[in-house]
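Any read-out appearing in this document is the output of simple, stated calculations on the displayed coordinates, not a laboratory observation. Just so we're clear, the structure is a prediction, and the values are computed from it rather than from any experiment. Here Cβ is always computed from backbone atoms with ideal geometry, including for glycine, and neighbour counts include all displayed protein chains.
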């Protein structure tokens, strides 16, 4: 029992060190996204084994939703956002769902089929893009404007957020 204060101190030092490493790792210019900044181009494969490049949608509004197969709020958001596809006047809006855990490809396909998702679904192997953007939780929603600048960013999902997303998109069209 005499070593207990030292154990707590070592644990606190370890946690502080991890926190500092996390902060410094996400402070790089290629990392954390900021509203108004340009979003760097990326390439991911779709669920249909096609290539998706962000820069191929320059001139369009792109909604990026990061999700995972185990995330219930992610699936709720995906289901709610299906209505965005094909909405009148929204031909210049692309909604993309980015799966951060595509290891079980059959499970990803099953979820996409069951939710009747027609928007592109991208495979973010080992959560590479998720980590590159220094995102911290799922779902994470980003809106990129026609000049590829970040104009909206939210973590989590609630029904009110859907109205915020719609309002932001309408202001860009």
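Just a few scattered comments:
- Likely footprinting exposure, 90, 70, fewest C-beta neighbours within 10 Å first: 70, 90
- Note on 49, 125: ascending count of other Cβ atoms within 10 Å places them as 49, 125, the fewest first.
- Taken over the Cα atoms of region 33-172, the convex hull encloses 99 Å³ per residue.
- Computed over region 33-172, relative contact order equals 34 percent, with contacts defined as Cα pairs under 8 Å that lie 6+ residues apart.
- In region 101-173, Cα pairs under 8 Å separated by at least six residues give a relative contact order of 21 percent.
- P(r) tail fraction, region 35-111 - alpha-carbon pairs more than 18 Å apart, %: 48 percent
- For 50, 166, order by how many other beta-carbon atoms lie within 10 Å, fewest first: 50, 166
- Full-extension gain in nm, residue 134 to residue 34, via 0.36 nm per residue minus C-alpha separation: 34.9 nm
- Modelled label reach - residue 104, point 7 Å along Cα→Cβ, region 58-85 residues with backbone N closer than 13 Å: 68-72
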